[in-house]
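First the structure, in the form of structure tokens, and then the observations on it.
The values are calculated or read from the model by the stated rules, or taken from the named source; none is laboratory data. Predicted, not measured: the structure shown is a model, and the values here were computed from it. Here the Cβ positions follow ideal geometry from the backbone for every residue, glycine too, while neighbour counts run over all protein chains shown.
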């Protein structure tokens, strides 16, 4: 498939090089990533305070792996996703991706190199009713990344779109190509969104709640499709979700966010079986379980989630934490520390 | 017989649309005892909200009840006039809607809206009494009584949902229908709210119908579970029965498609196809085009909704024989 793209693109001097896999298998490395949103007040719209949506976040994703980003609404998980595909400009920090000839700092890309970057990185959005243009045919929508990047002629693009539609389970492709989104069901629309994201053979895809709008009997099909395609095409995912059960099914590693901070990160099964951070523990114990004979203990957590507006320099979870003590109040938010093999947590009390 | 609070018999309801008649609720029968909670589970468009709207007679104009009875404490609701129904809503049956923001009027203080509901049902005689009642209700749903003088926009999502629940309970109804009450909320808030609702329901001896697409939520809050598919109730029984031994292939399929954070990680099975268009529903059993056990008869005649094993009803010719082992 990647070969086909490069064939189509043979005359393009900016031909994309093979993904370089050095001994280091890390494809995405995020360091000190920060995004502040100003809150403006007064006549002159002065920024008097800031929402710390993403505050000094570090993580990495290995090639071919799927990293889950979980947390409640307002935790900053979607902002991280948008920063990684450069739909938002980071306030600070580095995003290194090993996509092209050399690894580059995505946070600093401009102009042509930014456009080339978009070739390698795609995003799948939550709502397939909002993310597809209702006036454009399926062919127009799915082939758009090809026309933006100037790949192939019409006939080649048609072949490629047909190939992708078949791959996402919309067969026979000819019956779907020239239809409009309103003629398709939610599940089919999300498959279109996946086809559009994968048509340029991206190495890295950010999927933001891709199945949360879908009904259960449809959702599993889309989840299995995304997993199969990842295996087949070697795509690396950042999978953003609020649903821990979905995250468990879809990801190999998991990062838990709370108010702009990653509080715990590790292999998904490990984090779910041995949660270390008190927030992760609370979150896990709040998840309903499809078993009427099981009685869960209530989550051990106080109060409710606040907004990270000019946060006090102490642990972000301090207000709600059952373990909170002096050290958590006197010091700034704790750094992520490795407490077990590849199991990281940011807590003074663990 | 007499201990049933709610009895729904052969309820059939259609929506008249420009493209045709939508068979939204077809031949649905179930009964709910006093003090019991029931979960109605199914995918979007399966008719669960339509049933709720029919019970309260809050149907849009293009809806037409074709046949059936809804008995609450022996009173048949469908034949009541709008005026008679008004005295039943809130007082006997009330409802918590999914979008809490839309069920609160943004320009009135939250407390005043609850007082208005109380006044309309002559539940109070003085202003002081009204404020005292609202205070009690706020305490019951774990809201600070001081918040009664604030406006809905000053509440968080979870707090609004609590206020709506307080309002639903204001007139001591026998039955509350909660339509996706926690769907828009985060898990910790959801957990908290569901625990409180269950506790209040038990304490006051109310009956409850929870409507949700989330089988895990339903499993935790319901004594009995009804599974709906394409306008029909396909299975109805106690929560334990249904989870231990789902009889309908759709119920079984639904459970196999649900990921869980407990137990060993397992592969989820995909259900083939998509729910049908209810303008032209499939003949016979509406699930037959997607059913792994379908035979010729399934497409010819709709199966009877029958009691298969001690108060465990199923509408299927070939019910599942295996116990659910997690897929």
Of the listed residues (A:59, A:50), the one being within 15 Å of the chain's Cα centre (by Cα), part of a strand (DSSP E or B), modelled with pLDDT of 90 or more and surrounded by fewer than 23 Cβ atoms within 10 Å (Cβ to Cβ) is A:59
Scanning the stretch B:303-318 for residues that are farther than 15 Å from residue B:31 by Cβ, in contact (Cβ under 8 Å) with a residue 12 or more places away in the chain and not in a strand (DSSP E or B) gives B:303, B:308, B:309, B:315, B:316, B:317, B:318
Only unsatisfied item for residue B:153, checking (1) away from every other protein chain (no Cβ under 14 Å); (2) over 21 Å from residue B:132 (Cα atoms); (3) touching a strand residue (DSSP E or B) at 6+ places or on another chain (Cβ under 9 Å), is (3)
The residue from A:146, A:83, A:132 that alone is buried (at least 19 other Cβ atoms within 10 Å of the Cβ) and not in a helix (DSSP H, G or I) is A:132
Listed by first then second residue, the pairs whose first member lies in the stretch A:168-186 and is on the phi > 0 side of the Ramachandran plot, whose partner is at pLDDT below 95 and assigned to a helix (DSSP H, G or I), with beta carbons under 8 Å and at least 6 positions apart or on separate chains, are A:169/A:191; A:169/A:221; A:169/A:225
The residue from B:265, B:269, B:293 that alone is in contact with a helix residue (DSSP H, G or I) (Cβ under 9 Å, 6 or more places away or on another chain), at the interface with another protein chain (Cβ under 8 Å from one of its Cβ atoms) and touching a residue at least 12 places away in the same chain (Cβ under 8 Å) is B:269
*Of the residues that make up the stretch A:305-316, is at least one within 25 Å of residue B:217 (Cβ to Cβ), within 25 Å of the chain's Cα centre (by Cα), crowded, with 16+ Cβ neighbours inside 10 Å and within 14 Å of chain B (Cβ to nearest Cβ)?*
yes
Scanning the stretch B:191-213 for residues that are at the interface with chain A (Cβ under 7 Å from one of its Cβ atoms) and surrounded by fewer than 23 Cβ atoms within 10 Å (Cβ to Cβ) gives B:195, B:213
Taking the stretch B:113-134 and keeping residues within 30 Å of the chain's Cα centre (by Cα) and over 15 Å from residue B:163 (Cβ atoms) leaves B:119, B:120, B:121, B:122, B:123, B:124, B:130
Contact list, first residue from the stretch A:281-296 and under 12 Å from residue B:261 (Cβ atoms) and more than 7 Å from every other protein chain (Cβ to nearest Cβ), second anywhere and at pLDDT 90 or above and not in a loop (DSSP other than H, G, I, E, B), beta-carbon distance below 7 Å, six or more apart or interchain, is A:296/A:285
Of (1) under 24 Å from residue B:255 (Cβ atoms); (2) in contact with a strand residue (DSSP E or B) (Cβ under 9 Å, 6 or more places away or on another chain), residue A:288 satisfies every one except (2)
Residue check for residue B:216: under 26 Å from residue B:270 (Cα atoms), assigned by TED's automatic domain parsing to the domain that holds residue B:13 and either in a helix (DSSP H, G or I) or under 14 Å from the mean Cα position of the chain (by Cα) (or both): yes
Taking the stretch B:227-241 and keeping residues within 14 Å of another protein chain (Cβ to nearest Cβ) and assigned to a strand (DSSP E or B) leaves B:227, B:228, B:229, B:234, B:237, B:238
Here the residues within the stretch B:121-158 that are more than 22 Å from residue B:193 (Cα to Cα) and surrounded by 15 or more Cβ atoms within 10 Å (Cβ to Cβ) are B:121, B:123, B:124, B:130, B:131
Among strands (runs of 3 or more DSSP E) entirely within the stretch B:28-98, at least 3 residues that are in the same structural domain as residue B:211 (by TED's automatic domain parsing) and modelled with pLDDT of 90 or more occur in B:37-41, B:63-72
